[in-house]
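For reference, the structure discussed in these notes is given below.
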Amino acid sequence: MLGRMAEPRWWHFRRAQNLKPATYRCPLCGRQLPALSEHMLLFPEGDRTRRRHAHTECVMKARKAGRLPTREEWLKTQPRPPSVWQRVMARVKRRDSA
């Protein structure tokens, strides 16, 4: 769908509290979130321009369920690139078969 962003592969988050008299909507539960309360900021794939304010409890619950992986957790699930030795051997095999 055009204009719709892809689901983030990983998240960065940090604690937040603001003195600004604003109210946000938690993206995890949909309830209102006063900026004056202690809460968390979520950054999809570390993109600070797409930050979202969320209840601390909601973030912890989603983390426990495995829905908000950190970059380090996501990287552990990715295939490892071939080692230098594997690349050299692949090049030798291609050369020998030619």
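The values are calculated or read from the model by the stated rules, or taken from the named source; none is laboratory data. In this text, all values refer to a predicted model and were calculated from it rather than measured experimentally. All Cβ positions, even for glycine, are placed from backbone atoms using ideal geometry, and neighbour counts span all protein chains on display.
Surrounded by fewer than 17 Cβ atoms within 10 Å (Cβ to Cβ) and outside any loop (DSSP other than H, G, I, E, B): does that describe R9?
no
Please specify each residue of the stretch 76-86 satisfying the condition of being at pLDDT below 90 and of a type in the set (D, E, K, R).
Residue satisfying the conditions is R80 alone.
Residue check: is G46 touching a residue at least 24 places away in the same chain (Cβ under 8 Å), more than 15 Å from P27 (Cβ to Cβ) and among the small types (G, A, S)?
In short, yes.
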